[in-house]
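Participant: Starting off with a structure, shown below.
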Amino acid sequence: MLIPADAPLALIGYSGDAARALTALGIPSLNVPEGPPADIISACQTLKFSGALVTPAHGHAWLNAVNGDTDARRAGRVDSISFHGAAGAQGTFAYADALSDAVRASGYAVVGASLLIIGHSVSDMVLAAPIARLGFTDIGLAADSAPEAERVRRELPNVPRLFPISRRDTTVKALADRSDLVVLTAGELPRGLLQPYHTLIDLTGNERARDGGATLLDLYDLPAHHLARQLLHATGKTFSADDLLSVSAALGR
């Protein structure tokens with residue numbers, strides 16, 4: 001379905017600064033009052049909104065109100081919704097692809113490297129699933145328990161060498177020793193795990209890479225890649241992450 005150039009974008013849970021920043025970019029945006037998601041969706045469709053952006057605080061509640069894609073169902077939340085498709089309100093979790101976009105843009109050489117994902121459970125470790133699809137030869141999964149790590153395994157692509165274990169298992173250190181990239185999705189890293197040859201992606205914001213002399217992969221532009229993916233789904237328009245750096249900062253406030 002063709003989206004009118006002036007079709008507004010609904011913002012769920014965002015500030016007025018976010019609406020003004022997006023409107024200045026050429027995307028008419030309006031903050032939507034809180035209410036039952038089904039009612040808001042109906043109103044947005046009646047008023048010919050192109051789509052909606054949803055904050056993390058509202059993402060879980062909106063999942064059951066839309067037709068969620070695989071990424072949304074896997075993560076248990078949505079962050080972008082399209083109203084212009086033939087199938088009604090279509091929701092996605094755009095953060096998933098945005099994370100792999102940011103890793104690619106960083107220039108990190110993933111082909112032939114080994115990856116270790118450390119978290120608590122499927123709900124947080126699936127955030128790193130897109131990274132696992134970039135070409136790693138070995139992938140380790142360290143969750144709160146071995147059965148939980150097995151559940152994460154089912155959400156990842158087929159990799160010849162994939163090792164699900166408990167993060168409390170003594171072998172997690174040996175698994176880390178032969179890993180190149182470590183991704184922390186929740187909790188804290190086991191003490192003494194990182195070495196100077198490691199690179200860390202820290203999705204918790206703790207920046208523990210300084211422990212052990214490892215390198216922290218700076219994904220400063222991840223919010224901009226995320227916004228680009230959200231806008232593509234919600235409006236059908238393509239934006240460069242470089243052009244969205246200041247706007248994404250406004251959405252994060």
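Participant: Out of the residues in segment 183-208 meeting the condition of being small (Gly, Ala, Ser) and without any contact (Cβ under 8 Å) to a residue 24 or more places away in the chain, tell me which one is nearest to Met125 (Cα to Cα).
Facilitator: The residue in question is Gly205.
Participant: Looking at segment 98-112, can you tell me whether even one residue there is more than 23 Å from Leu244 (Cα to Cα) and of a type outside the set (A, V, I, L, M)?
Facilitator: There is at least one residue in segment 98-112 that is more than 23 Å from Leu244 (Cα to Cα) and of a type outside the set (A, V, I, L, M).
Participant: While we're on this one: Consider only pairs whose beta carbons are under 9 Å apart and that are at least six residues apart or on different chains; among these, list those whose first residue lies in segment 5-34 and is closer than 21 Å to Val78 by Cβ and whose second residue is part of a loop (DSSP other than H, G, I, E, B) and β-branched (Val, Ile, Thr).
Facilitator: Pro8/Ile27; Leu9/Ile27; Leu11/Thr55; Ile12/Thr55; Gly13/Thr55; Tyr14/Thr55
Participant: Among the listed residues Ala109, Ala96, Ala132, which satisfies the condition of being surrounded by fewer than 20 Cβ atoms within 10 Å (Cβ to Cβ) and of a type in the set (A, V, I, L, M, F, W, C)?
Facilitator: That would be Ala109, the only listed residue that is surrounded by fewer than 20 Cβ atoms within 10 Å (Cβ to Cβ) and of a type in the set (A, V, I, L, M, F, W, C).
Participant: For segment 5-50, what are the residues that are over 18 Å from Ala249 (Cα atoms), touching a helix residue (DSSP H, G or I) at 6+ places or on another chain (Cβ under 6 Å) and assigned to a loop (DSSP other than H, G, I, E, B)?
Facilitator: Ser50
Participant: Going residue by residue through segment 75-87, is there one that turns out to be of a type in the set (Asp, Glu), assigned by TED's automatic domain parsing to the domain that holds Leu232, touching a residue at least 40 places away in the same chain (Cβ under 8 Å) and over 25 Å from Tyr197 (Cβ atoms)?
Facilitator: Checked against the condition, which is being of a type in the set (Asp, Glu), assigned by TED's automatic domain parsing to the domain that holds Leu232, touching a residue at least 40 places away in the same chain (Cβ under 8 Å) and over 25 Å from Tyr197 (Cβ atoms), segment 75-87 yields at least one hit.
Participant: Considering only segment 172-182, I want to know if a residue exists there that is over 19 Å from Ser106 (Cα atoms), among the hydroxyl-bearing types (Ser, Thr, Tyr) and surrounded by 16 or more Cβ atoms within 10 Å (Cβ to Cβ).
Facilitator: no
Participant: Given the criterion in contact with a Lys or Arg (Cβ under 7 Å, 6 or more places away or on another chain) and farther than 17 Å from Ala96 by Cβ, identify the matching residue among Asp169, Asp177, Asp202.
Facilitator: The match here is Asp202.
Participant: Any residue at all in segment 193-211 that's crowded, with 18+ Cβ neighbours inside 10 Å and among the aromatic types (Phe, Trp, Tyr)?
Facilitator: No, segment 193-211 contains no residue that is crowded, with 18+ Cβ neighbours inside 10 Å and among the aromatic types (Phe, Trp, Tyr).
The values are calculated or read from the model by the stated rules, or taken from the named source; none is laboratory data. Just so you know, these numbers come straight off a predicted model, no measurement behind them. Glycine also receives a Cβ, built like all others from the backbone with ideal geometry; neighbour counts cover every protein chain displayed.
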